[in-house]
Amino acid sequence: MEHAPLSPYCRLLKFLRPFRLRLCAAVLASLVFAVATALYAWLIGPLLKMLLTGGASRVSGADFLTRFSTEELFIALPLCLVAVALMRASAQALQTYLMESTGQRVIASIRRTLYARYLELPQAWMNRQHSGDLIARFGMSVQSVEQALTVAFSSYVRDTLQIAALMLVCAFLDWRLLLAALCAAPVTVTVVLKFASRLRGVTIEGQALQGTLSSQVGEAVANIRVVQAFRGEAGELSRFDATQERYLDLMKTSHLLRGAFSPMVEMLGVFGIAAMLFFAGSSLVGEGFAPEALLSFLAALMLMYRPLKELAHTGQQVIQGQAGAQRIFEVLDAVDAVADPPSPATATFERAIELDAVDFSYEGERGARVLDNLSLAIPKGRQVAIVGESGSGKSTIAALLLRFFDPQKGAVRLDGVDVRALRVRDLRRLIAYVPQDPVLFAGSVADNIGCGRRDIDGEKMRAALEAANALDFVEAMGGLNAPIGERGQGLSGGQRQRLSIARAFLTQAPILLLDEATSALDSASERQVQEGLERLMQGRTAVIIAHRLTTVARADEIVVLDKGRIAERGTHSTLLERADGLYARLWAAQSREGDQVVEKAVGTEAEGEARTASNA
């Protein structure tokens with residue numbers, strides 16, 4: 001659904017609702033500020049006349065001055081000016097504090113809402129995005145919204161009330177002069193709207209390009225080893241330069257629009273003042289218009305100049321904020337393909353996991369099927385391995401069980417209940433997941449294996465680490481509070497995987513999902529990880545997705561996939577008995593690869609010994 005141009009900004013204002021009382025106080029302070037400003041303009045004419053003539057005279061709206069003597073006025077009026085200035089300054093300080101502090105709280109709420117949305121959006125949506133662009137939305141887009149909600153919104157309230165109060169003074173002094181001064185208003189509004197529309201489009205495109213730049217930098221930094229190993233620095237820099245050149249070209253248009261915006265508004269304002277002076281001159285000649293009233297009128301117009309200019313500048317900030325808000329709401333409004341049901345069923349696991357006639361494609365219903373009419377039942381307490389060649393659909397089953405995606409046809413069920421009828425959090429509470437690439441975050445060991453949970457004590461964490469064969473190296477690092485670098489830098493692949501297993505231990509979930517958990521490890525690391533996994537599988541229903549067949553030989557059942565379908569199933573021994581079966585061929589191929597590796601290693605060692613002997 002597309003929104004009107006002001007819709008994103010209006011939607012942002014909804015975040016202000018929890019702070020209604022603070023906003024009301026800020027608006028009241030702005031009103032006091034506006035009234036004080038109007039008092040300046042109202043009194044300036046009589047005051048100047050008093051100074052020039054030595055006494056007070058009858059002036060529209062200031063008749064009360066004639067009740068005082070000249071000596072009294074020379075004392076009272078300066079004190080009145082000081083009182084008005086104090087009232088104005090106090091109101092401005094209070095309004096600025098309330099508006100900007102409230103704006104910061106609103107921005108904190110927006111940041112939290114956006115981050116929470118990132119954490120819950122489905123994998124299908126996240127896979128279509130660039131991580132750098134998402135970070136740019138969280139950074140630059142939120143920053144532009146921050147300016148619009150703190151500085152700009154504060155200016156809108158204060159300056160609009162100030163202009164309204166000054167216009168009331170002008171209307172009170174002479175409404176005909178006010179109409180003359182406003183003659184350029186329709187043209188001004190038309191120009192402002194056209195400038196705003198064009199600037200908004202440029203700003204949205206500019207923020208998108210900034211997101212592209214962030215994506216390119218983030219991708220290159222994350223894969224810096226590959227870039228450097230293949231001498232790709234020049235190519236990456238060239239790609240960056242091309243995007244940056246597009247951004248700079250766009251910014252030329254933006255700077256031209258911004259540079260012309262304020263002067264154009266000011267020139268149109270001058271036309272209004274010129275028309276007013278022409279009309280005032282005619283009135284002074286023909287109707288004896290009081291000069292002190294004209295002075296007050298001119299003072300009011302001059303005092304309008306600054307808030308009008310501020311509003312013109314504020315308009316640019318609002319346009320940038322709208323562009324940022326639009327990018328934020330694109331995330332908040334993203335369709336959640338994996339949504340919780342309105343009346344969720346209770347998530348339990350007492351009998352079996354079932355995949356019932358499941359069809360799935362990552363490209364939607366018309367895309368190539370990764371799973372094709374696949375049906376599989378896994379009874380509680382069983383250890384079932386799912387194997388097959390790359391692209392056969394093994395990891396897709398894991399993604400469907402965790403409900404990262406939903407099948408296009410068929411259903412995934414727990415105890416006969418479609419997982420789409422369960423809350424996603426309740427479903428995932430029943431599953432402990434150990435992925436192929438263990439993910440660790442910058443933080444302590446405790447933060448990583450506990451996933452930030454504060455209800456797990458140190459003894460439970462140590463027990464989980466010991467069961468995962470990880471306690472020794474964690475103690476050597478400094479214990480549970482030992483820091484871990486981003487993505488587990490400084491740890492070996494086996495150490496990272498053992499911490500991932502400890503994390504799974506702490507979930508105490510009845511279902512264990514292993515997605516090629518040992519495929520990237522050497523033999524020594526695999527042995528330690530496998531020991532931890534065997535302890536983890538005790539008393540649990542295990543779904544073991546594997547490429548290396550030696551790791552699944554002891555499974556209760558092995559399911560062999562081929563092009564999204566079940567090709568065969570059985571135990572390790574029964575499957576090997578089918579010499580022409582897919583599992584037997586895969587086992588033979590992996591066995592030959594292992595023998596070749598061993599032979600190559602032995603040959604290399606023999607060659608080394610021969611070279612050593614000849615050198616001796």
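The values are calculated or read from the model by the stated rules, or taken from the named source; none is laboratory data. All values derive from a computational prediction rather than experimental measurement. Cβ coordinates were reconstructed from backbone atoms using ideal geometry, including for glycine residues, and neighbour counts include every protein chain displayed. SASA here: full protein model, heavy atoms, side chains in, ligands and nucleic acids out. Shrake-Rupley method; radii C 1.70, N 1.55, O 1.52, S 1.80 Å.
Assorted remarks:
- Selection status of R569, open to solvent by 70 Å² or more (accessible area, probe 1.4 Å) and part of a strand (DSSP E or B): yes
Conditions tested, residue by residue: (1) crowded, with 16+ Cβ neighbours inside 10 Å; (2) of a type outside the set (K, R); (3) at negative phi.
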site	(1), (2), (3)
L332	no, yes, yes
R366	no, no, yes
L374	yes, yes, yes
A377	no, yes, yes
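- Only residues that are hydrophobic (A, V, I, L, M, F, W, C) and in contact with a Pro (Cβ under 8 Å, 6 or more places away or on another chain) were counted in the stretch 412-441, giving 3.
- Residues of the stretch 40-51 include at least one that is at pLDDT below 65 and in a helix (DSSP H, G or I).
- As a summary of the residue check, V529 satisfies the conditions (1) within 17 Å of P379 (Cβ to Cβ); (2) modelled with pLDDT under 90 except for the one numbered (1).
- Pick from the stretch 449-486, criterion surrounded by 13 or more Cβ atoms within 10 Å (Cβ to Cβ), touching a Lys or Arg at 6+ places or on another chain (Cβ under 7 Å) and not β-branched (V, I, T), ranking: farthest from G532 (Cα to Cα): L471
- Criterion violated by L514 - all others in (1) aliphatic (A, V, I, L, M); (2) open to solvent by 70 Å² or more (accessible area, probe 1.4 Å); (3) more than 26 Å from the chain's Cα centre (by Cα) satisfied: (2)
- Test for T541: is it under 22 Å from R351 (Cα atoms), in contact with a Pro (Cβ under 8 Å, 6 or more places away or on another chain) and either at pLDDT 90 or above or open to solvent by 40 Å² or more (accessible area, probe 1.4 Å) (or both): yes
- Restricted to the stretch 492-502, and to residues there that are touching a helix residue (DSSP H, G or I) at 6+ places or on another chain (Cβ under 8 Å) and open to solvent by less than 40 Å² (accessible area, probe 1.4 Å), the residue that is farthest from I224 (Cα to Cα) is A502.
- Residue among Q489, Q436 that is within 29 Å of the chain's Cα centre (by Cα) and surrounded by 15 or more Cβ atoms within 10 Å (Cβ to Cβ): Q436
- So R428, is it part of a helix (DSSP H, G or I), modelled with pLDDT of 85 or more and under 25 Å from the mean Cα position of the chain (by Cα): yes
- First in the stretch 380-396 and more than 18 Å from F360 (Cβ to Cβ), second anywhere and of a type in the set (S, T, Y) and buried (at least 16 other Cβ atoms within 10 Å of the Cβ), Cβ under 8 Å, 6 or more apart: K380/T541; G381/T541; R382/T541; Q383/T541; V387/Y583
- Which listed residue, of G564, G570, is over 30 Å from L471 (Cβ atoms) and within 38 Å of the chain's Cα centre (by Cα): G564
- Of all residues making up the stretch 236-254, the number that are at pLDDT 80 or above and either of a type in the set (G, A, S) or not in a helix (DSSP H, G or I) (or both): 2
- Residue within the stretch 327-343 that is closer than 30 Å to Y115 by Cβ and among the aromatic types (F, W, Y) present: yes
- Residues that are touching a helix residue (DSSP H, G or I) at 6+ places or on another chain (Cβ under 6 Å) and of a type in the set (A, V, I, L, M, F, W, C), drawn from the stretch 152-179: A152, V157, L161, I163, A165, L166, V169, C170, A171, L173, L177, L178
- A Cβ distance below 6 Å, combined with a sequence gap of six or more or placement on separate chains, defines the contacts here; from the stretch 125-140, residues that are within 13 Å of V331 (Cβ to Cβ) reach no residue that is in a helix (DSSP H, G or I) and open to solvent by 50 Å² or more (accessible area, probe 1.4 Å).
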